[in-house]
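Take a look at the structure below.
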Amino acid sequence: MHKELEKYLSQIEKQLSTLPTEQREDELREIRSHLEMMIEENIACGCNEEEAVAKALEQFGSTKEIASALKSTRANRDQRARTVLAGLVVFAIWIYPDFCTNYIFPSMRYFLLTPQASYIETAIVFLISGWIAEVIAPRKVLLPILIPFCIVWALGISTVILTLVAFPTSSLSFLSYQLLNTAVLPLAFLGAWIRRRQVKHRQQPQMIAE
Amino acid sequence: MRSTKTEYNRDLAKGDIPTLILAVLAQGPCHGYAIAREVERRGGEVFRLREGSLYPALRTLENDDAISGQWQETSGAPARRVYSITEKGQRELAQRTRAWKQYSKAVNAIIGGKPHAQRA
């Protein structure tokens, strides 16, 4: 194929280097196919090959602008998917230990979790969940943490209300557990902040070297 | 005197490209190159489409589930990614069309220069 066309495509390829290989190849394949059709049309209109390629590349636009626009749309989609995934993971991290100790291995609670240990466990779980949310969706942890929190909180409160209605004499330990969850929520954001600091710290020497 | 075509030969605004893509796809599935040609043909070459800007707009519409794209192999020709409009895209097009009509009506009212007395 024509040298100028290959040069143009390799410039786009370089600028799209941050995209996953499959996505990048898809974009390049489509752009190449479009440019080849433009060139064919220009030749059919009486241009020689040089002119046809130059005209097509001029009409297609700057490689920098195209690549940066493509990257931003891909990034948006990826970011949305990552945010949803982080939310699901955080939700699972918060629900799973409770589910296991209450329903699958109830005996574990007697062995492992004294009331004090349970508070520590909750605090650690929140801290870790924030750290993991920041790994999955960097700098976008607000929704992945807050939405599952509201769901867990709403589920917990409904349980409290239903329990009190069904057994008016029961204790309010469920409610105190919900209050504990609210109190440890900032730990999730602390976990995310710790992760952010770690990444920043790791990147600093590289930036100086550049 | 310069022709109207030359006077208004300008690059399309980026925000208008998705509307034009949806309008073209509402007539039937197309690949990127065919969309560009159709926009040019229907627009009477009044405005110029930087064809590279078509693909980010197509990606955005795909991300919003307004269109869907699939690679299609045809014998003797290179594979092409063909796009078609979804139901969500049809709704989006109707909404964008309404907004555009409102906008152009307002601009026409201003540049038409009707005096206030006549409007009343």
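Throughout, read-outs are computed from the coordinates displayed, never taken from laboratory work. Given the structure is predicted, the values throughout are model-derived calculations rather than measurements. Don't worry about glycine lacking a Cβ; one is built from the backbone with ideal geometry, like all the others, and counts go over all protein chains shown.
Conditions (1) more than 14 Å from every other protein chain (Cβ to nearest Cβ); (2) buried (at least 16 other Cβ atoms within 10 Å of the Cβ); (3) part of a helix (DSSP H, G or I); (4) not charged (D, E, K, R), marked per residue:
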position	(1), (2), (3), (4)
A:Gln11	no, no, yes, yes
A:Lys14	yes, no, yes, no
A:Thr18	yes, no, no, yes
A:Glu30	no, yes, yes, no
A:Leu35	no, yes, yes, yes
A:Asn42	no, yes, yes, yes
A:Gly46	yes, no, no, yes
A:Ala52	yes, yes, yes, yes
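Is it true that some residue in the stretch B:63-82 is free of Cβ contacts under 8 Å to residues at least 12 places away in the same chain, within 15 Å of B:Leu25 (Cα to Cα) and part of a helix (DSSP H, G or I)?
no
Take B:Arg96 and decide whether it is under 22 Å from A:Leu28 (Cβ atoms) and surrounded by 14 or more Cβ atoms within 10 Å (Cβ to Cβ). Break it down into steps so the answer makes sense when it comes.
Working: under 22 Å from A:Leu28 (Cβ atoms): no; surrounded by 14 or more Cβ atoms within 10 Å (Cβ to Cβ): yes.
Here the answer is no, as B:Arg96 does not meet what is asked.
Identify the residue in the stretch B:24-64 that is away from every other protein chain (no Cβ under 14 Å) and surrounded by fewer than 18 Cβ atoms within 10 Å (Cβ to Cβ) and, among all such residues, is nearest to B:Arg81 (Cα to Cα).
Taking the stretch B:24-64 and keeping what is away from every other protein chain (no Cβ under 14 Å), we get B:24-29, B:42-44, B:46.
Those left that are additionally surrounded by fewer than 18 Cβ atoms within 10 Å (Cβ to Cβ): B:26-29, B:42-44, B:46.
On the way: B:Ala26: 17, B:Gln27: 17, B:Gly28: 14, B:Pro29: 10, B:Arg42: 22, B:Gly43: 23, B:Gly44: 26, B:Val46: 27 Å.
In this case the residue turns out to be B:Pro29.
In this structure, does A:Thr73 turn out to be in contact with a Pro (Cβ under 8 Å, 6 or more places away or on another chain) and either of a type in the set (Lys, Arg) or away from chain B (no Cβ under 11 Å) (or both)? Steps first, answer last, please.
Details: in contact with a Pro (Cβ under 8 Å, 6 or more places away or on another chain): yes; either of a type in the set (Lys, Arg) or away from chain B (no Cβ under 11 Å) (or both): no.
Considered against the rule, which asks whether it is in contact with a Pro (Cβ under 8 Å, 6 or more places away or on another chain) and either of a type in the set (Lys, Arg) or away from chain B (no Cβ under 11 Å) (or both), A:Thr73 comes out as no.
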